[in-house]
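In what follows, a structure is listed as structure tokens, so that the remarks can point back to it.
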Amino acid sequence: MTNQSPLARRSAGPPTVPRGDVLGTYDSYPEAQAVVEKLSHAEFPIKQLAIIGNELTTVERVTGRMSYGRAALAGAVTGLWLGVFFGLVMLLFSPETATVTTVVAAALIGAGFGMLYGLASFAVSRRRRDFTSTHQVLARSYQIVVDPGVSHRAREILSRPDAGR
């Protein structure tokens, strides 16, 4: 999982899997993250670490049955937020002509169009997808890889009972 800023410097070449000494293998991401936190609190140069997820699996969890009512409601809520956004933009850039009534009207119009779009989308895909779901990418294990030049120091920090405190 990357949380890179759009302003961050990018490497010159294509992305590669980090190489180095394996500091440990963990069953869950939070376990691997906790190790990195311990090292960070001990002033270890954490830029020389990487967490690598192995054996990636896509998991789709079915959350419910889709119906015309749910499709209309979901579309209306999305349209409502979009309408509120446009109403607020109008209010911000044109305060002399736009009022709170403009925001409410834009929200209602957005909800109406969103509901129609939600119903139309569901009607088109009805036989192919009658359920809602969420997607996740999970790994079977997570390895912490460290630059070989500092792996001894990392192991030393982690072996201390008070590591990271």
_Filter result (assigned to a strand (DSSP E or B) and among the small types (Gly, Ala, Ser)) within the range 29-53_ = Ala50, Gly53
*Within the range 56-95, can you find the residues that are out of contact with any Leu (no Cβ under 9 Å at 6 or more places or on another chain) and within 30 Å of Thr16 (Cα to Cα)?*
Glu60
*So which residues in the range 108-156 are surrounded by 12 or more Cβ atoms within 10 Å (Cβ to Cβ), assigned to a loop (DSSP other than H, G, I, E, B) and without any contact (Cβ under 8 Å) to a residue 12 or more places away in the chain, if there are any at all?*
Arg126
*Ala71 vs. criteria assigned by TED's automatic domain parsing to the domain that holds Arg153, out of contact with any Asp or Glu (no Cβ under 8 Å at 6 or more places or on another chain) and surrounded by 10 or more Cβ atoms within 10 Å (Cβ to Cβ)*: no
*Given (1) aliphatic (A, V, I, L, M); (2) out of contact with any strand residue (DSSP E or B) (no Cβ under 9 Å at 6 or more places or on another chain); (3) assigned by TED's automatic domain parsing to the domain that holds Leu39, where does Val104 come up short, assuming only one miss?*
(3)
*asked:* Restricting to the range 57-86, give me the number of residues that are assigned to a helix (DSSP H, G or I) and in contact (Cβ under 8 Å) with a residue 40 or more places away in the chain.
replied: 9
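The values are calculated or read from the model by the stated rules, or taken from the named source; none is laboratory data. Keep in mind the model is a prediction, meaning the values are calculated, not measured. Methodologically, a virtual Cβ is constructed for each residue, glycine included, from the backbone with ideal geometry; neighbour enumeration extends over all protein chains shown.
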